[in-house]
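Asker: Can you read through this structure? Questions will come right after.
The values are calculated or read from the model by the stated rules, or taken from the named source; none is laboratory data. All figures in this text were calculated on a predicted structure; none of them were measured in a lab. Note that each Cβ is placed from the backbone with ideal geometry, even for glycine, and that neighbours are counted across all protein chains shown. Ligands, DNA and RNA are stripped out before the accessible areas are found, and what is left, the full protein with its side chains, is counted by its heavy atoms. Shrake-Rupley method; radii C 1.70, N 1.55, O 1.52, S 1.80 Å.
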Amino acid sequence: MHILYVEDEIKIAEFVCVGLKEQGFVVDYCDNGDDGYAYALDQEYDVIVLDIMVPGKDGLAILKGLRNAGSQTPVILLTARNELDDRLAGLNIGADDYIAKPFFVEELIARIHAVVRRVSGDRQNILTVEPLKLDRISREVTCNDQMVELTSREFNFLEYLMRSPERVFTRTQILEHVWGYDFNPNTNIVDVCVRRIRKKLDQVGGEGCIQSVRGVGYRFRKPDA
């Protein structure tokens, strides 16, 4: 899942980002509210993890602005203050959950999964483009009812393509959304990842699911396309 994390305490942010990435999340991080608000409006996220007390726009202002703009992206608020007024203010504006600092990364991950299930419904966490099925919560992939063992990066890559079957993604888009940071545009890391996924899918009858678009990038191909 693609997460936006807004937090100004650098040590906490570094620890949380590592924990999220180890669990396969793609994380965009901002250390101030102004940048965080711009990111939230400009990109599509599965969940936004938002500290209330950040420089620039504070967390409650960001949340209010997003809801007024029509955004329904799940938001989990973080704060060092545990007063009831803060919790109620955030929930009344439209927060989906609330965690007081300090917290365990494992708890945050569980809360992220919970709000996604609650907001989207379990069926939307299953991406199905026959013969493949991808479970975003359990992070399992099957092809022709056979399990496909993927690394975390391979899973994120396949999920990114399967979200929009037939849409062509450039290598730059894939690098930004799957790897989460900038690479030399001349790197072949995307192509290497594609070869590994194709090899695994070919073994269970998933030939041709990932199609190369010459000079552009890749797309997930529907069987009847």
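Asker: Taking the stated definitions as given, is Tyr5 aromatic (Phe, Trp, Tyr) and under 14 Å from Ile99 (Cβ atoms)? First the steps, then the outcome.
Answerer: On the way: aromatic (Phe, Trp, Tyr): yes; under 14 Å from Ile99 (Cβ atoms): yes.
Here the answer is yes, as Tyr5 does meet what is asked.
Asker: If you go through the stretch 109-155 one residue at a time, how many are open to solvent by less than 10 Å² (accessible area, probe 1.4 Å) and at pLDDT below 90?
Answerer: Adding up the residues that qualify gives 3.
Asker: Kindly provide the set of residues from the stretch 176-211 that are at pLDDT 85 or above, part of a helix (DSSP H, G or I) and of a type outside the set (Asp, Glu), ordered by number. Don't jump to the end; show me each part of the working.
Answerer: Quick first cut of the stretch 176-211, residues at pLDDT 85 or above only: 188-211.
Still in the running and part of a helix (DSSP H, G or I): 189-202.
Selection gives Ile189, Val190, Val192, Cys193, Val194, Arg195, Arg196, Ile197, Arg198, Lys199, Lys200, Leu201.
Asker: Considering only the stretch 132-148, state which residues are without any contact (Cβ under 8 Å) to a residue 40 or more places away in the chain and in a loop (DSSP other than H, G, I, E, B).
Answerer: The answer is Ile137, Ser138, Asp145.
Asker: For Ser164, which of the numbered conditions (1) free of Cβ contacts under 8 Å to residues at least 40 places away in the same chain; (2) in a loop (DSSP other than H, G, I, E, B) fails to hold?
Answerer: Only one criterion is unmet by Ser164, namely (1).
Asker: Given (1) buried (at least 21 other Cβ atoms within 10 Å of the Cβ); (2) within 22 Å of Asp135 (Cβ to Cβ), identify the lone condition not met by Glu106.
Answerer: With respect to (1) buried (at least 21 other Cβ atoms within 10 Å of the Cβ); (2) within 22 Å of Asp135 (Cβ to Cβ), Glu106 is out only on (1).
Asker: Can you find, within the stretch 10-61, the residue that is farthest from Leu78 (Cα to Cα) among those that are in contact with a Ser or Thr (Cβ under 6 Å, 6 or more places away or on another chain), in contact (Cβ under 8 Å) with a residue 40 or more places away in the chain and in a loop (DSSP other than H, G, I, E, B)? Before the answer, list the steps.
Answerer: The first filter runs over the stretch 10-61 and keeps only residues in contact with a Ser or Thr (Cβ under 6 Å, 6 or more places away or on another chain), leaving 24, 45, 48, 52.
Applying the additional criterion that residues be in contact (Cβ under 8 Å) with a residue 40 or more places away in the chain yields 24, 45, 48.
Checking the rest, the ones that are also in a loop (DSSP other than H, G, I, E, B) come to 24, 45.
Numbers: Gly24: 21, Tyr45: 17 Å.
Filtering the stretch 10-61 for residues that are in contact with a Ser or Thr (Cβ under 6 Å, 6 or more places away or on another chain), in contact (Cβ under 8 Å) with a residue 40 or more places away in the chain and in a loop (DSSP other than H, G, I, E, B), the one farthest from Leu78 (Cα to Cα) comes out as Gly24.
Asker: Oh, and also: Take Tyr39 and decide whether it is farther than 20 Å from His113 by Cα and either among the charged types (D, E, K, R) or open to solvent by 10 Å² or more (accessible area, probe 1.4 Å) (or both).
Answerer: On the way: farther than 20 Å from His113 by Cα: yes; either among the charged types (D, E, K, R) or open to solvent by 10 Å² or more (accessible area, probe 1.4 Å) (or both): yes.
In short, yes.
Asker: Determine whether Glu7 is in contact (Cβ under 8 Å) with a residue 12 or more places away in the chain and surrounded by fewer than 16 Cβ atoms within 10 Å (Cβ to Cβ). I'd like the intermediate steps shown before the answer.
Answerer: On the way: in contact (Cβ under 8 Å) with a residue 12 or more places away in the chain: yes; surrounded by fewer than 16 Cβ atoms within 10 Å (Cβ to Cβ): no.
No: the conditions fail for Glu7.
Asker: Gly65 - would you say it is out of contact with any helix residue (DSSP H, G or I) (no Cβ under 7 Å at 6 or more places or on another chain) and of a type in the set (Gly, Ala, Ser)?
Answerer: Details: out of contact with any helix residue (DSSP H, G or I) (no Cβ under 7 Å at 6 or more places or on another chain): no; of a type in the set (Gly, Ala, Ser): yes.
In short, no.
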